[in-house]
Amino acid sequence: MFDEFQGPGTLDWNGVLYRVLLSTADTGGAMSIVDSWCPAGEGPPRHVHDAEDEAFVVISGRMRFWLDGVLSEKGPGETVFIPRGHEHTFQVTEDGPSRHLVILTPGGFEGFFADMAAGRYQIPADMGPILESAARHNLRFTGPPIGA
């Protein structure tokens, strides 16, 4: 694991680590940047951000991205842009882990990660509170993760 993810400010949601580098408060709501570390095989269900554009910058490891039905794979130094309103998901490849930056414009979605880490919610067991937080953060789940 990376030293950067040790100590105060690190959020742990079921083994996926998040560290907010630039918060919504820091930017007057314009954007947020989250440093994320994910183990091999990790990835969320398909979903849509209705209010935010999202960009991933892969720092280490490899990730599969599914965007509007098109599958791609990215490695260190590569990026993916996901416009708001587009169905997408990702999965860290089997040879993971992966470290990547998640850049969201406007900011605010980092609050979803904080909610999930605080509640230690599990998908699918805790979908009630997960969906409640998702709605507050303009997120809709639309399908299964890659490979499910």
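May I ask you to verify whether V34 is in contact with a helix residue (DSSP H, G or I) (Cβ under 6 Å, 6 or more places away or on another chain) and either in contact (Cβ under 8 Å) with a residue 40 or more places away in the chain or of a type outside the set (A, V, I, L, M) (or both)? Yes; evaluated as a whole, the condition is true for this residue.
Can V34 be described as in contact with a Lys or Arg (Cβ under 6 Å, 6 or more places away or on another chain), of a type in the set (V, I, T) and in a strand (DSSP E or B)? Step through it out loud before you land on a result.
Values: in contact with a Lys or Arg (Cβ under 6 Å, 6 or more places away or on another chain): no; of a type in the set (V, I, T): yes; in a strand (DSSP E or B): yes.
No, not satisfied.
Scanning for something in contact (Cβ under 8 Å) with a residue 60 or more places away in the chain, assigned to a loop (DSSP other than H, G, I, E, B) and over 17 Å from R19 (Cα atoms), does region 52-69 turn up at least one residue? Within region 52-69, one or more residues are in contact (Cβ under 8 Å) with a residue 60 or more places away in the chain, assigned to a loop (DSSP other than H, G, I, E, B) and over 17 Å from R19 (Cα atoms).
Are any residues in region 21-39 closer than 12 Å to G108 by Cβ, surrounded by 14 or more Cβ atoms within 10 Å (Cβ to Cβ) and of a type in the set (G, A, S), and if so, which ones? Correct list: S23, S32.
Residue count for region 77-93, restricted to those that are surrounded by fewer than 18 Cβ atoms within 10 Å (Cβ to Cβ) and either on the phi > 0 side of the Ramachandran plot or out of contact with any Lys or Arg (no Cβ under 8 Å at 6 or more places or on another chain) (or both): 8.
Residue by residue, here is whether (1) over 15 Å from the mean Cα position of the chain (by Cα); (2) surrounded by 15 or more Cβ atoms within 10 Å (Cβ to Cβ); (3) touching a residue at least 60 places away in the same chain (Cβ under 8 Å); (4) farther than 17 Å from G9 by Cα holds:
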| position | (1), (2), (3), (4) |
| --- | --- |
| L101 | no, yes, yes, no |
| L104 | no, yes, yes, yes |
| G107 | no, yes, yes, yes |
| D115 | no, yes, no, no |
| P124 | yes, no, no, yes |
| P129 | yes, no, no, yes |
| N138 | no, yes, yes, yes |
| F141 | no, yes, yes, yes |
| P145 | no, yes, yes, yes |
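Going by the structure shown, is E54 over 22 Å from D126 (Cβ atoms), surrounded by fewer than 19 Cβ atoms within 10 Å (Cβ to Cβ) and under 11 Å from the mean Cα position of the chain (by Cα)? Show your work before the answer.
On the way: over 22 Å from D126 (Cβ atoms): yes; surrounded by fewer than 19 Cβ atoms within 10 Å (Cβ to Cβ): yes; under 11 Å from the mean Cα position of the chain (by Cα): yes.
So E54 passes the test.
Among the residues of region 65-76, the ones that are exposed (fewer than 15 other Cβ atoms within 10 Å of the Cβ) and more than 18 Å from G41 (Cβ to Cβ) come to 4 in all. Just one of the listed residues (T142, T89) is under 22 Å from V20 (Cα atoms), in contact with a strand residue (DSSP E or B) (Cβ under 9 Å, 6 or more places away or on another chain) and hydroxyl-bearing (S, T, Y), namely T89.
Just so you know, all these numbers are worked out from the coordinates, no wet-lab data involved. The model shown is predicted, which means the values in this text are computed figures rather than measured ones. Glycine also receives a Cβ, built like all others from the backbone with ideal geometry; neighbour counts cover every protein chain displayed.
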